[in-house]
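For reference, the structure is listed below as structure tokens.
Just so you know, all these numbers are worked out from the coordinates, no wet-lab data involved. In this text the structure is predicted, and so the values were computed from the model without any measurement. Positions of Cβ are generated from backbone atoms using ideal geometry, with glycine treated the same way; all protein chains shown enter the neighbour counts.
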Amino acid sequence: MPSATKASRRYTYADYLKWPGDERWELIDGQAYNMIPSPSTVHQKIVGRFYARLERLLSGTPCEPFVAPTDVVLSEYDVVQPDVLVVCEQARVTEANIQGPPEVIVEVLSTHSALRDKREKKALYERFGVKEYLIVDPLGGYVERYYLGEDGTYGKPEIFGPQDTLPLKAIQGIEVPLREIFETVKPVGKR
């Protein structure tokens, strides 16, 4: 099995499909990244809440949320399993995976993958045209939003706190109350 840090060759999706099914891997530019250790319970709670809110909010729209582990095949050398993603072009959804960039990707930071989420994955998602990339920091209690500009780059992120409502730019009319994601108490006097 390839090592996430010592891969001496460039792996393809065909290679990836031959690896043991009980292991989770991602490919970024042909480099294999092992997805262990498993995420923390806090990480998984946030992933579950984000997915559940999106599933409810997107009901009746052409957009559909998915949760990891769902393979997103961006190229022969790039296969990722974002924590949560939204696809609005149903032609991209196959029985086996998602073909091409989703409209929205959500990655919840964990200790072992935070740097990769903020560096390699951000660059990858930008390069393949993911319209909106959300990085959720469960310890800091905030969300960084990157949105693909007219020039094809993300630019500086917008930052949302646990009391903010996050309006998705890639899917008009969808707003996620972050207090529901972080399970914070609603401020007195707010409804």
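Worth pointing out:
- Dividing the summed -39500 (n - 2.57) terms of all DSSP H runs of n ≥ 4 by the residue count of the chain sets its mean residue ellipticity at 222 nm at -6000 deg cm²/dmol.
- Under 14 Å from Lys45, Cα to Cα: aspartates and glutamates that are on another chain or at least 8 residues apart: Asp83, Glu107, Asp137, Glu180, Glu183
- Computed extension gain for Val42 through Tyr142, at 0.36 nm per residue and net of the alpha carbon distance, reaches 34.6 nm.
- Placed amide H near Leu166: partners under 5 Å, 5+ positions off or other chain: Val176, Leu178
- Annotation for region 49-69 versus region 141-156: alpha-carbon center distance of 21 Å.
- Segment Glu175-Asn97, length gained on full extension (0.36 nm per residue, minus Cα span): 25.4 nm
- Theoretical FRET efficiency, 1/(1+(r/R0)^6), r = Cβ-Cβ of Ser59 and Thr153, R0 30 Å, to 0.05: 0.40
- Remark: spin-label model distance Asp22-Ala114 equals 3.1 nm, labels positioned 7 Å along the Cα→Cβ axis.
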